[in-house]
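Every number in this text was worked out from the coordinates using simple rules, so none of it is lab data. Not measured: the values here are computed from a predicted model. Please note: Cβ atoms are built from the backbone with ideal geometry, for glycine as well, and neighbour counts cover all protein chains shown.
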């Protein structure tokens, strides 16, 4: 290759968007981004491994596909459903001191032991001498399972799909403001993001999409679903700190079609003021047949690919330590495979030589002295206490996941109260008594849930909905001995 030749950089990004897997490959050259190809695959009955094959990442592949993927960076998007966001503040200090401050605050905020949680954070411009910090946290087990499911892509990075959505909005959509509430309605769910200074600071996923909201054949049911959607959206926005008087625009990503327009009009009718924002070409070279509506359809992988091209990288990365741990485990596995035969033989020989020494009288005397030592007894009691605390530690994330797994058509939960040694209490609204009792039955079927009781219920004279209070016991968390 000539020294003066321009080198292009290719990035492949893939994400699961509700009912479909979607992927794109972007190529960047001299400031122009080109869409090389796109792929999609129905998600029903398919896996990430199936989609990897569709995109050319097949084990032991020969021929042009292998050469095509050899120098292509691959990025995978993770749905933020299992990720919690927090906003914290810290004084403007050095990087090492900042990392220590973030770790201490994270441990005080998170409902699980630090060793079970993975955390990523980034700073935003300071105000009043304080640095604003966005903190994202997720269970390590959840991240490890996802990393294992996408291993066929051999991803260089795994990023949150909400980061890709916001990055695509900033680059390819109108109304790309520095601060906004961004709503992306998919077929089966809806992502909601708070964007501040051009970065994601909060994200949530609602379990309703165009399949539920856009029903021209049943306007009455569509209106009812939109009302519920607007209520859920208000709750999420309120948790972000949004107020109608704040002036933050609520923007709904749209392909310019009637379906999204109708949903936005319905939201406005409920008093939640929102407007659509549509794609437009800006420094984006499209292949033949690729239209602006396709930019909307592939918005998440497009944004993920752009985030991978950003220098310096600014996206929240929850998988840095997960990848390091997997590499270490792989290295250990290879090492164990090399030395296993010799090690087994050596251990057996050593075991034969030293077996008689284990019954040495002097060793027995030393062990007896240790057991009777007060320090030994204190250490034993300390370890027992640690095990007891771990047994009764509140697993709040798992409790929320169990509640979410309960079928609850027509149910809106308002509050969740929990305290060690007491029954968990939830309050909510139901369309009728049958829905309330179905919720009670569904809770009883959840593992670890018992003694589900309806302690209070009454019909609201205005909404005609039944307001109720339920209590239940959850694992060891609500037992009296959990008060430590």
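Put simply, when 406-412, 302-308 are sorted by average Cβ atoms within 10 angstrom per residue, most first, you get 302-308, 406-412. Note on residue 36/residue 258: beta-carbon distance plugged into 1/(1 + (r/R0)^6) with R0 of 30 Å gives a FRET efficiency of 0.45.
Cα centroids of the stretch 75-108 and the stretch 408-484: 32 Å apart.
Rounded to two decimals, what is the ratio between the C-alpha radius of gyration of the stretch 400-484 and 2.2 N^0.38 Å? The partial results should precede the final answer.
Details: Rg = 13.1 Å, N = 85, 2.2 N^0.38 = 11.9 Å.
Cα-based Rg divided by the globular estimate yields 1.10.
Each Cα pair under 8 Å and six or more residues apart adds its sequence gap; the mean of these over the residue count of the stretch 396-482 is a relative contact order of 32 percent.
Each Cα pair under 8 Å and six or more residues apart adds its sequence gap; the mean of these over the residue count of the stretch 57-189 is a relative contact order of 33 percent. Stretching residue 311 away from residue 447 to a fully extended chain increases their span by 44.3 nm, per 0.36 nm per residue minus the current alpha-carbon distance.
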